[in-house]
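Here is the structure we will look at, set down as structure tokens.
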Amino acid sequence: MDLLQQIVARAKSDKQRIVLPEAEEERTLRAADKVLADDIADIILIGNPDNIKKLAGEWGLNNIDKATIVDPMNNPKSEEYAEKLAELRKKKGMTIEQARELVTKNNLYLGCMIIKTEGADGQISGALSTTGDTLRPALQIIKCAPGISCVSGAMLLITNQKEFGENGVVVMGDVAVTPMPDADQLSQIAVTTAATAKSVAGFAEPRVAMLSFSTKGSASHEVVDKVVEATKLAKDRAPELKIDGELQADAALVASVGAKKAPGSDIAGKANVLVVPNLEVGNIGYKLVQRLGGAIAIGPILQGIARPVNDLSRGCSVDDIYYMVAITACQAQDAKKN
């Protein structure tokens with residue numbers, strides 16, 4: 001069973017309620033139909049019920065009637081959501097009128113309010129929306145997980161070189177959100193990426209390498225100092241976490257190199273989670289591994305939010321959405337344990 005099949009199996013083992021706020025978009029509706037057919041998650045569609053049913057009929061989607069459809073313009077809970085949203089945002093000056101506008105005309109805000117009031121466990125958008133549009137209501141309504149103030153994005157990298165990572169699978173963060181994290185933010189990225197490695201990739205034991213261009217003092221620079229400090233802070237945040245740094249990428253991944261450059265390290269040569277020092281490195285790095293190395297890249301998976309809210313590329317496929325539902329469900333399972 002490959003990793004994606006394992007993720008789907010874990011999602012099915014404890015079904016979660018996932019909101020799809022872009023329900024009248026074709027790829028999203030087709031993915032929802034496939035998810036419902038395979039019984040992976042309970043789906044909440046936000047949109048005009050008549051339009052959704054009409055489109056499902058036109059496209060031959062026979063499982064959409066298993067979904068819960070929320071009509072934002074005719075929702076009996078609209079006032080409850082508006083009052084709650086206005087209360088959450090009153091310090092930022094939001095009025096009840098503005099809140100009513102958002103929960104009736106902005107499906108992403110409505111979806112996050114459904115999660116906030118415990119009517120759902122996670123949300124996915126991005127087929128029609130920007131990353132900013134996806135994140136804004138999540139951060140305003142659901143907010144970050146306890147002890148976390150930095151949202152980031154992890155990428156699952158699957159290679160045919162089984163000697164690396166966890167049988168060829170490596171989780172990398174941050175590849176999507178925070179451009180220049182400071183040491184404290186980088187420590188949070190390390191902890192949340194390790195959590196993603198457990199909840200989504202299924203790693204029993206994340207082994208985190210804090211990457212740099214230096215290994216254990218081989219170079220001196222303020223950016224190296226940041227990684228060293230972040231490693232200490234991450235250990236303080238999660239004493240049970242197996243983590244080491246600073247390490248160069250080869251020292252983190254290759255046993256023989258790790259033994260030479262960082263003798264005595266429990267992580268060097270054995271890392272299955274890679275934390276990069278900034279977004280530029282992460283984004284460039286995973287794309288090089290994907291394009292030149294032939295790795296399969298899955299994500300980015302947003303992390304650090306109290307309940308999972310994930311972002312899609314506007315060029316996403318039906319399968320991309322289908323698997324992101326399963327990933328979000330796995331994150332939701334983990335969030336309920338914490």
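The values are calculated or read from the model by the stated rules, or taken from the named source; none is laboratory data. Just so you know, these numbers come straight off a predicted model, no measurement behind them. Neighbour counts are summed over all protein chains in view; Cβ atoms, including those assigned to glycine, are modelled from backbone coordinates with ideal geometry. Surface accessibility is based on the protein's heavy atoms, side chains included, excluding ligands, DNA and RNA. Shrake-Rupley method; radii C 1.70, N 1.55, O 1.52, S 1.80 Å.
For the reader, a short list of remarks on this structure follows.
- Hey, Ala138 crowded, with 22+ Cβ neighbours inside 10 Å, touching a residue at least 60 places away in the same chain (Cβ under 8 Å) and in a helix (DSSP H, G or I) or not: yes
- For region 143-150, the criterion of being more than 25 Å from Glu240 (Cβ to Cβ), open to solvent by 10 Å² or more (accessible area, probe 1.4 Å) and at pLDDT below 95 is satisfied by no residue at all.
- Screening Cys330 against (1) of a type outside the set (Val, Ile, Thr); (2) more than 16 Å from Ala194 (Cβ to Cβ); (3) in contact (Cβ under 8 Å) with a residue 24 or more places away in the chain leaves a single unmet condition, (2).
- Test: Val70 is among the aliphatic types (A, V, I, L, M), modelled with pLDDT of 95 or more and within 30 Å of Asn167 (Cβ to Cβ): no
Let's see how each residue does on (1) hydroxyl-bearing (Ser, Thr, Tyr); (2) open to solvent by 50 Å² or more (accessible area, probe 1.4 Å); (3) part of a loop (DSSP other than H, G, I, E, B):
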| site | (1), (2), (3) |
| --- | --- |
| Gly153 | no, no, no |
| Lys162 | no, yes, yes |
| Thr192 | yes, no, no |
| Lys198 | no, yes, no |
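- Odd one out for Asn75 among (1) open to solvent by 10 Å² or more (accessible area, probe 1.4 Å); (2) farther than 22 Å from Gln140 by Cβ: (2)
- Filter pass, Asp133 being outside any loop (DSSP other than H, G, I, E, B) and more than 14 Å from Glu22 (Cβ to Cβ): no
- Ile301 being of a type in the set (Val, Ile, Thr), part of a strand (DSSP E or B) and either touching a strand residue (DSSP E or B) at 6+ places or on another chain (Cβ under 7 Å) or surrounded by 15 or more Cβ atoms within 10 Å (Cβ to Cβ) (or both): yes
- Filter pass, Glu280 being among the charged types (D, E, K, R) and over 29 Å from Ala9 (Cβ atoms): yes
- One residue from Lys84, Lys92 being touching a Lys or Arg at 6+ places or on another chain (Cβ under 8 Å), open to solvent by 30 Å² or more (accessible area, probe 1.4 Å) and closer than 20 Å to Lys143 by Cα: Lys84
- Given (1) open to solvent by 20 Å² or more (accessible area, probe 1.4 Å); (2) among the hydrophobic types (A, V, I, L, M, F, W, C); (3) under 23 Å from Leu110 (Cα atoms), index of the condition Leu4 fails: (3)
- Of residues in region 216-249 being at pLDDT 95 or above and polar (S, T, N, Q), the one farthest from the chain's Cα centre (by Cα): Gln248
- Just one of the numbered conditions (1) assigned to a loop (DSSP other than H, G, I, E, B); (2) closer than 22 Å to Gln303 by Cα; (3) over 22 Å from the mean Cα position of the chain (by Cα) is not true of Pro277: (3).
- Residue satisfying all of: in region 304-319; charged (D, E, K, R) and either free of Cβ contacts under 8 Å to residues at least 24 places away in the same chain or part of a loop (DSSP other than H, G, I, E, B) (or both); farthest from Ile148 (Cα to Cα) among these: Arg314
- Residue satisfying condition, being farther than 26 Å from Thr130 by Cα, in contact with a helix residue (DSSP H, G or I) (Cβ under 9 Å, 6 or more places away or on another chain), open to solvent by 10 Å² or more (accessible area, probe 1.4 Å) and not β-branched (Val, Ile, Thr), within set Arg27, Arg10: Arg10
- The residue list Lys54, Lys66 contains one member that is farther than 26 Å from Ser313 by Cβ and without any contact (Cβ under 8 Å) to a residue 12 or more places away in the chain, which is Lys54.
- Residue check for Val289: of a type in the set (A, V, I, L, M), out of contact with any Ser or Thr (no Cβ under 7 Å at 6 or more places or on another chain), in a helix (DSSP H, G or I) and within 16 Å of Lys216 (Cβ to Cβ): no
- Just one of the numbered conditions (1) under 29 Å from Glu22 (Cα atoms); (2) in a strand (DSSP E or B) is not true of Gly282: (2).
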